[in-house]
Every structure is written in structure tokens, then in C-alpha cells.
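The values are calculated or read from the model by the stated rules, or taken from the named source; none is laboratory data. Remember, predicted model here, so these are calculated numbers, not experimental data. Don't worry about glycine lacking a Cβ; one is built from the backbone with ideal geometry, like all the others, and counts go over all protein chains shown. In case anyone asks, the SASA skips ligands and DNA or RNA and just uses the protein heavy atoms, side chains included. Shrake-Rupley method; radii C 1.70, N 1.55, O 1.52, S 1.80 Å.
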Amino acid sequence: MSSTHVSAHMAAASPARRYTGTAMAAHWLLAIGLLSAIGLGWYMTGLPFSPARLKLYNWHKWLGVSLLALSLLRLLWRLGHKPPPLPAKISEAMPAWQRLAHHATQHAMYLLFFAVPLLGWAYSSAAGFPIVFLGQIPLPDFVSPSAELAEAIKPWHGASAWALTALIAVHVGAALKHQFLDRDGLISRMLPGRG
Ligand code: HEM
Ligand code: HEM
């Protein structure tokens, strides 16, 4: 029997137990991309002025803009594709605050997937550094150059990025708690494989 046949059969009997391949691909691609952007942002700001630092700033901006585009595609896709509901056994074992935290963390992460790169872009434009994607495609400035505005926006890109980092830590911590303390198999919802 083909696997599509099996999953179609199971879907008829019970709701899907795991995220789709598209959702998993988006999750893991963006997880790696976001952690790279965070690591790069943190590393490059500590470097002394040099051509190397300038190069890394450009890479950071190109990566950040790509993540913004990917997040937009992901969100549009996600609006039409509801994730599988939490299994009743897991959901019932969660106190109300944990169910709330589960949804609040994911919503706040989605919000920051947009806020962080848009603030970076706005800062870059205000500081008078237009973005030329991959050194080829000039992107529009959506705020005009202004030293005061740049100084005002600058801390918010960093602060929002650190807020995202904290949420990721909570999110991964929760995933590990489900895996190793509760042992309820929640992580398999986001991992390819059988079972
Ligand atoms: C940069 C790192 C990460 C980010 C930004 C991130 C973000 C997200 C988001 C936004 C969702 C919700 C997906 C949706 O419903 O559309 C999600 C779900 C999930 N993530 Fe992550 N994630 C990250 C890393 C990880 C890691 C390292 C793990 C495992 C240890 C993990 C495990 C999961 C699981 C199991 C779910 C599904 C939760 C459920 O069943 O409702 N994530 N993640
Ligand atoms: C999701 C995407 C992004 C993440 C996670 C991210 C993360 C970070 C982090 C962690 C820092 C270091 C902040 C600090 O230590 O104060 C940083 C700095 C910076 N980012 Fe991003 N960033 C993203 C997208 C962008 C984009 C799209 C741009 C511009 C087009 C950008 C421009 C900058 C600049 C210019 C700095 C240096 C700011 C300074 O000198 O303090 N970032 N970013």
C-alpha cells in the first residue's frame, strides 16, 4: 500500500498527528536561518571596523531579508493549513497556563519573524545604507535617511532580536521537557519519519 493511501486512510479515521512535510521543511529551514542570523548579528557587532566586518554586515542583511521573505511565504501558507491539533492525551495533561504559553509563544515568535528583520531594514535605511540584495538587487528604502531616526531604531532591532532569542529558548526548553520529562512524543510531530 502506498504511503499516501495509508495517510489518507488514517486521516479519515482520526485527525493528522503530525505537521506536514512542508510545515517541517519551513520549521527547520527557518530555525537554522534564524539562529545563523542571530549568531552573525551578535558576532559582527563585536568586530573592529574592517572590510571583513562590512562583508559580514552585508551577509547578515541579505540573510535577514531572505528570512523575512520566507517567513511571509510561511505565514501565507500557514493561514490556509491548520496544524494538527495537540493529541488529547498531551493537551489534557497540560495545565491551562501551559496551553496558553504554548499558543502565546508561537504567536509571539511569528510576530517577531517580521518585526526583527523589518526593524533591521528600517535601521539600515535610516542610517543611509540602502540594501543591495546579494550585491545585485537594490531594495527600496522605506524610511528616509536620518541620523536621529537611525539612533532611535537601532536599539529596537537588537532588543527585538534578543526577545526572539529568549522565546526560542523557552520554545526549545518546552520541546525538550516534553521529550525527556513528559516523554509524550510531542517532538515527533515536527520530525520526519514513521510512527
Ligand atoms: C530557531 C529555532 C526555532 C524556532 C524559531 C521555532 C519556531 C516554531 C514555530 C513558529 C512553531 C509553530 C509552527 C506552526 O504551528 O506553524 C514551532 C513548532 C514546533 N517546534 Fe520549533 N522552533 C525552533 C526550534 C525548535 C527545536 C530546536 C525543536 C526541538 C527540540 C523544536 C520543536 C518544535 C515542535 C515539536 C513543534 C510543534 C509543537 C506542537 O506540536 O504544537 N523547535 N516551532
Ligand atoms: C530575522 C532576521 C534577523 C535577525 C534574527 C537579526 C538579529 C540581529 C542581532 C542579534 C544583532 C546584534 C544586535 C546587538 O548585539 O545589538 C543584529 C544587528 C544588526 N542587524 Fe540584524 N537581524 C535580522 C535581520 C536584519 C535585517 C533584515 C537587517 C537589515 C537589512 C539587519 C541589520 C542589522 C544591523 C545593521 C545590525 C547592527 C546594528 C548595530 O550596529 O548595533 N538585520 N541583528
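Descriptive notes on the structure:
- Options SER66, SER36, SER50; residue that is more than 10 Å from ligand 2 (Cβ to nearest atom) and polar (S, T, N, Q): SER50
- Within the range 149-195, the set of residues being out of contact with any Pro (no Cβ under 9 Å at 6 or more places or on another chain), among the acidic types (Asp, Glu) and either within 16 Å of ligand 2 (Cβ to nearest atom) or part of a loop (DSSP other than H, G, I, E, B) (or both) comprises just one member, GLU151.
- The requirement of being in a helix (DSSP H, G or I) and open to solvent by 50 Å² or more (accessible area, probe 1.4 Å) is satisfied by LYS55.
- Residues satisfying the stated conditions in the range 65-121, i.e. among the charged types (D, E, K, R) and not in a helix (DSSP H, G or I): LYS82
- Residue tally, condition among the β-branched types (Val, Ile, Thr), open to solvent by 70 Å² or more (accessible area, probe 1.4 Å) and within 30 Å of ALA101 (Cβ to Cβ), over the range 126-171: 1
- For first residues located in the range 156-183 and within 12 Å of ligand 1 (Cβ to nearest atom), partners that are open to solvent by less than 60 Å² (accessible area, probe 1.4 Å) and of a type in the set (S, T, N, Q) and lie 6+ apart or on another chain with Cβ distances below 6 Å form the pairs LEU167/THR105; VAL170/THR105; HIS171/THR105.
- The numbered conditions (1) in contact (Cβ under 8 Å) with a residue 60 or more places away in the chain; (2) aliphatic (A, V, I, L, M); (3) away from ligand 1 (no atom under 16 Å from the Cβ) are all true for ALA126 except (1).
- Inside the range 58-82, residues that are open to solvent by 40 Å² or more (accessible area, probe 1.4 Å) and in contact (Cβ under 8 Å) with a residue 60 or more places away in the chain make up a count of 4.
- Members of the range 174-186 found to be under 19 Å from the mean Cα position of the chain (by Cα) and open to solvent by 40 Å² or more (accessible area, probe 1.4 Å), listed by number: ALA174, LEU176
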